[in-house]
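A short reminder: the numbers here are calculations on the coordinates, not readings from a lab. As the structure is a prediction and not an experimental result, all values here were calculated from the model. Cβ coordinates were reconstructed from backbone atoms using ideal geometry, including for glycine residues, and neighbour counts include every protein chain displayed.
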Amino acid sequence: MNIGNAFTYFFKDNNWIKKLLIGGALLLPVEIGNVLNQTLQSVKSSPTAMQDMGLVIIAAFIFAITGVITSLFVTGYFAVNTNLRIYKKDAILPEWSNWKNLFLSGFKVFGGSFLYGVLYTILLLISFIILGGLTGALAGKNAAFLILTVLSVILFFITLLFASAATIAFLTNLKFSSFFNFKLISTIVKKNTVKYIIFLASSAVLYGLAGLLGFLLLKTIVLAIFIPFINMYICFVISEI
């Protein structure tokens, strides 16, 4: 694992700027939707102003839906690039081609993440039901609420860790079934425990910095246009980590 190389490996691809711009352009609807949503949030306290926001509301909805669809292509590109780099470390970035495969790969990532989110929700509901029945034995609702809060946080991180490992398993072969191939997931984590921890920590830091930078740029509205291209750069980096 060469984290330093992750920030520069794609420079050897003569078309890396073009590929980054394509990815950023596909993420642009997401940021336009965010800007429109921020505009709505700033005037929602004024009923009079909201009456004039009909077109903005419609536009925000359209860009939100469009952003979800185009993001699947970018997610698929990330999956394909990561899979390529697992087996060919010296490979250049994949082309923006075979759009059907990119969309399906992105949809698989979304589907796997969604199902793990459902699992987390189910576990949380079960915990809520159990603790709800024990409220009387826990010296009041405050104690039950505190326990539920702590338990929800613990369950969240356990689910996040497992879902991340499942995603890595998927990226090794791009098969949806790998999200639930617990033997493969266990093998990957056991054989690459240190790398897995470094990957999670690095990803958290990168996404955190990107989120902070995006938040600051979004405040300027005009500079928000750079956010999707920064996010695409982060995708390039994480694919190598």
> Taking Cα pairs under 8 Å and at least six residues apart, what relative contact order does the chain come out at, in percent?
Replying inline: 29 percent
>> For the chain, what does the helix formula give at 222 nm: sum of -39500 (n - 2.57) over DSSP H segments with n ≥ 4, over the residue count, nearest 500 deg cm²/dmol?
In response: -27500 deg cm²/dmol
> Which whole-Hz couplings ³J(HN,Hα) result when phi for each residue of the stretch 77-83 is put into the Karplus expression 6.51 cos²θ - 1.76 cosθ + 1.60, θ = phi - 60°, listed in order with x for Gly and Pro?
Replying inline: 5, 4, 5, 5, 5, 5, 4
> How big is the equivalent ellipsoid of the chain along its three axes, where each semi-axis is √(5λ) from the Cα gyration tensor, reported in whole Å from largest to smallest?
Replying inline: 32, 30, 16
> According to a simple spin-label model (label point 7 Å from Cα along Cα-to-Cβ), what is the distance in nm between PHE226 and THR8?
Replying inline: 2.2 nm
>> If each residue of separation counts as 0.36 nm, what is the full-extension length gain between ALA59 and PHE180 once their alpha-carbon separation is subtracted?
In response: 39.8 nm
> So, by mean Cβ neighbours within 10 angstrom, what's the order for 175-183, 22-30, 99-107 with the highest one leading?
Replying inline: 22-30, 99-107, 175-183
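Beta carbons within 10 angstrom, averaged per residue: use that to sort the peptides 33-42, 231-240, highest first.
Packing order, densest peptide first, comes out as 231-240, 33-42.
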> Could you give the length gained on full extension between ILE122 and ILE158, defined as 0.36 nm per residue of separation minus the Cα-Cα distance, in nm?
Replying inline: 11.6 nm
>> Per-residue counts of other Cβ atoms within 10 Å, averaged by peptide: what ranking do you get for 4-16, 154-166, highest first?
In response: 154-166, 4-16
>> Distance between the C-alpha centers of the stretch 166-183 and the stretch 1-22? Whole Å please.
In response: 25 Å
>> Assuming 0.36 nm per residue, please report the length gained on full extension of the stretch ILE69 to LYS195 beyond their Cα-Cα distance.
In response: 42.2 nm
> Suppose R0 equals 25 Å; then what is the FRET efficiency for LYS88 and ILE17 from their Cβ-Cβ distance, rounded to the nearest 0.05?
Replying inline: 0.70
